[in-house]
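These notes are about the structure you will find just below.
The values are calculated or read from the model by the stated rules, or taken from the named source; none is laboratory data. Worth saying up front: this structure is predicted, and the values here are computed from it rather than measured. Positions of Cβ are generated from backbone atoms using ideal geometry, with glycine treated the same way; all protein chains shown enter the neighbour counts.
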Protein chains: 2
Amino acid sequence: MTASSSSSSPDGTSVLANVRLPDGDIADIIMRDGLIADITAMPSDNDNGATRIEGYGMLVLPGLVDGHMHLDKALSGLPWMPHPAGPTRLSRIETEKALRASLPPVTERASNLVRQCVSHGTTAIRSHVDIDPDNKLSHFHALVEVREAFADIVDLQIVAFPQSGVLRAPGTSDLLDAALGEGADVLGGLDPIAIDNDLDGQLDILFAIAERHDTGIDIHLHDAGADGLKEINALCERTAACDLTGRVTVSHGFCLGAASPDAFARTADAMAEAGISLATHGGASSPLPPVMALRERGIEVFTGNDNVRDTWSPFGNGDMLERAMLLAWRSGYRTDDDLQVALDCSSGAGARILGLEGYGLAVGNRADLFTVDAETPGEAVAQRPRRGIVLKGGRVVAREGEFSGESGD
Amino acid sequence: MTASSSSSSPDGTSVLANVRLPDGDIADIIMRDGLIADITAMPSDNDNGATRIEGYGMLVLPGLVDGHMHLDKALSGLPWMPHPAGPTRLSRIETEKALRASLPPVTERASNLVRQCVSHGTTAIRSHVDIDPDNKLSHFHALVEVREAFADIVDLQIVAFPQSGVLRAPGTSDLLDAALGEGADVLGGLDPIAIDNDLDGQLDILFAIAERHDTGIDIHLHDAGADGLKEINALCERTAACDLTGRVTVSHGFCLGAASPDAFARTADAMAEAGISLATHGGASSPLPPVMALRERGIEVFTGNDNVRDTWSPFGNGDMLERAMLLAWRSGYRTDDDLQVALDCSSGAGARILGLEGYGLAVGNRADLFTVDAETPGEAVAQRPRRGIVLKGGRVVAREGEFSGESGD
């Protein structure tokens, strides 16, 4: 495939030509100053001097949103490392810390993973970053560097994440507070019962920091059964009390996938009331929360790749269409309508929770787009075909699965 | 990547050179008359005149075995068709039958899917084929044609499968009997309780046909809960009584993934006693049987892609490494040892159940091999990297993900 140059014409206009819209129509997308200026039947007459980017009739979709990543843990770009940890969460926490010193810098590994994600069509990422008394803010500072280096390539939101616990790891709460002061976007948390053995203790600290910095919370809740439900319900109460409605996310929430119908309904209703969203990686070996039942209550469900080839998991490749497939496969979705719900979890829903302005395939929105060799959004999810072009603010940042953002292509 | 010719030298010897063995050693594999003649440290001195196939240091593994397919249902090669059926199994059965007349011939669609599977490294397939009073033996005859056309490319085992039920679709038992007489390899069955509403009725017929033709049985059991367990236990009793020990497979067996520990142990012990194996596609939205607990009892567990982009499922791409990944991901496997178990389910275990002679990466075995850009079998499963070469009986049948078997390459 020959590639026309994608740098904009003198008046800043470029055309993503000959693409299939989600409704099946073939169109040209006119882009100016990083925005979608027009979507027209092809051939557009706007191409007087506009730079033309050939779309080859591929399906165009808004950029994928990875709503739950751990960029600082990535081993991307390194030789294969067989999984080194034992079977428990605590073993993985300690193994990871022991290995850190022998790994290349976080900036290098995280940048490799960002490039990989972008090559699949991702244009926005929410990444948790480990903050603990060992590494202090060093991983966080590294991700701030990555956020700046990739500012024109991907929207990167950073969650200050207490991977070693809050009360269990003294000094962590001050570090979280400092990270928020230095530009972390969201406050993280982790299984208050299993890790800190103190539900109210961890939540007291988290909500105090969140209120002080006027920030949202995205808390990892792996805890199963009654503990997990208790944690979610406590979150719901505090969210309403602290006026954080709509700004709190439960990541994983496996307990919702195994709850009795009554317990599920009560908890989901409370989440809807508090505007609490759910982030999921598809469940893997844990119960997957029932996505449709949550969405029917108005609860946003969004997906993320979570651990991509790191000391926590050997799986993952950074492809958010694959993540949508995994969610759909585990949820029993088959129709194009249902597959489109899974796609929304990997795109629109994430964008709404990340608060991305001007997101979506419509005139006036940001030209954050990618093309994929599919006829419908359903096919894009089920089959995850090869990608054509990835655009960020109208600029080509990947072609044919190869990252090209730094070169400006 | 330039490709050297892979036709054999005058004395029939060729060398798959510079490949990584599963233990990490780099080696040359000498092939003669379709068999592995030697595995030597490279460079081998056997290359006097031997045709050299460059392996580029990629990992070499024995060909993948797809133990549960539905080649006749495939829509491979056709434009995307949004899933047309309703949410029930019976709706899918009826929708499929209604659509058949509008589709290209089974031979064409099935051949497309075989090529796709081979391009990923598959060298043996067990495919079920629909037999019912509507299509009679026409799908079966089509797969016999495909089996012959691809005889040098893939080992194809055909299961005579009563997709519309046995008692529920009068005439089916005679058709199954006829198919076995005409060269079907295995007898199929389907949910005797849910579909035929007559456990003993369907099993009476199946075991009578199996005994008459001295053939094994591979029965689809989706039925959940007590019905499913009752079906498996009935199978176990009859298998022992009919001396079919070691020749019966339960496909899916979702009930095993949701049984109480006691019920599971009783049923699994009975399966082990009767030598009944389990075929799984990874469970999707159903409970996945506990693979390790079954294997620990000596029960063979093998995987298959099942429905690949057909009127039953929009998912699947024919890649048995992806299937191993899905099994591993759902089972919570992380270590290379565990990932290798998942790989065995997609290769060795299937080969043992299909009865493939001379299977495996050892001198004297058939040169059914593929290369993959991974350092360990664990990486091959978790990451499913690009494939290099696929060899069937020492002949190149695919390169770089592209099928080349018919051209002889």
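Tell me, yes or no, whether segment A:270-278 has at least one residue that is closer than 30 Å to residue B:386 by Cα, in a strand (DSSP E or B), under 19 Å from the mean Cα position of the chain (by Cα) and more than 14 Å from chain B (Cβ to nearest Cβ).
No, segment A:270-278 has no match at all.
Could you identify the single residue in A:323, A:334, A:295 that is more than 10 Å from chain B (Cβ to nearest Cβ), over 19 Å from residue B:331 (Cβ atoms) and at pLDDT 95 or above?
From the options A:323, A:334, A:295, the qualifying one is A:295.
Can you give me the number of residues within segment B:357-380 that are of a type in the set (S, T, N, Q) and either in the same structural domain as residue B:303 (by TED's automatic domain parsing) or crowded, with 24+ Cβ neighbours inside 10 Å (or both)?
Within segment B:357-380, residues that are of a type in the set (S, T, N, Q) and either in the same structural domain as residue B:303 (by TED's automatic domain parsing) or crowded, with 24+ Cβ neighbours inside 10 Å (or both) number 1.
Of the residues that make up segment B:97-106, is at least one outside any loop (DSSP other than H, G, I, E, B) and buried (at least 23 other Cβ atoms within 10 Å of the Cβ)?
Yes: one or more hits.
Quick one: count up the residues across segment B:225-257 that are within 23 Å of residue B:305 (Cα to Cα) and hydrophobic (A, V, I, L, M, F, W, C).
Total meeting the criteria: 6.
What number of residues in segment A:23-44 are of a type in the set (A, V, I, L, M, F, W, C) and within 28 Å of the chain's Cα centre (by Cα)?
7
Would you point out which residue out of A:318, A:332 is out of contact with any Asp or Glu (no Cβ under 6 Å at 6 or more places or on another chain) and free of Cβ contacts under 8 Å to residues at least 40 places away in the same chain?
After applying the criteria, what remains is A:332.
Consider residue A:375 carefully, then state whether it is charged (D, E, K, R), within 25 Å of residue B:77 (Cα to Cα) and either under 17 Å from the mean Cα position of the chain (by Cα) or outside any strand (DSSP E or B) (or both).
yes
Given the conditions (1) touching a Gly at 6+ places or on another chain (Cβ under 7 Å); (2) farther than 21 Å from residue A:264 by Cβ, which single one is not true for residue A:319?
(1) is the only condition that residue A:319 fails.
In the list B:218, B:152, B:130, which residue meets the criterion of being of a type in the set (D, E, K, R) and in contact with a Leu (Cβ under 9 Å, 6 or more places away or on another chain)?
B:218
Could you go through segment A:381-401 and let me know if any residue there is touching a residue at least 12 places away in the same chain (Cβ under 8 Å), within 14 Å of chain B (Cβ to nearest Cβ), surrounded by 22 or more Cβ atoms within 10 Å (Cβ to Cβ) and aliphatic (A, V, I, L, M).
Within segment A:381-401 (the criterion being touching a residue at least 12 places away in the same chain (Cβ under 8 Å), within 14 Å of chain B (Cβ to nearest Cβ), surrounded by 22 or more Cβ atoms within 10 Å (Cβ to Cβ) and aliphatic (A, V, I, L, M)), the answer is yes, since at least one residue qualifies.
Looking at (1) among the aromatic types (Phe, Trp, Tyr); (2) within 14 Å of chain B (Cβ to nearest Cβ); (3) in contact (Cβ under 8 Å) with a residue 40 or more places away in the chain, can you tell me which one residue A:254 breaks?
(3)
Tell me yes or no: at least one residue of segment A:291-306 is farther than 24 Å from residue B:324 by Cα and in contact (Cβ under 8 Å) with a residue 60 or more places away in the chain.
yes
What residue, of A:98, A:74, is closer than 18 Å to residue A:144 by Cβ and not hydroxyl-bearing (Ser, Thr, Tyr)?
A:74
Go through segment A:285-337 and give me each residue that's of a type in the set (Val, Ile, Thr), over 26 Å from residue A:272 (Cα atoms) and touching a strand residue (DSSP E or B) at 6+ places or on another chain (Cβ under 9 Å).
Within segment A:285-337, just A:308 meets the criteria.
Looking at the structure I just gave you, is residue B:303 modelled with pLDDT under 95 and β-branched (Val, Ile, Thr)?
no
Taking only segment A:224-235 into account, find how many residues are within 25 Å of the chain's Cα centre (by Cα) and either farther than 18 Å from residue A:201 by Cβ or modelled with pLDDT under 95 (or both).
2
Can you tell me how many residues in segment A:69-104 are farther than 23 Å from residue A:280 by Cβ and more than 22 Å from the chain's Cα centre (by Cα)?
Matching residues across segment A:69-104 total 18.
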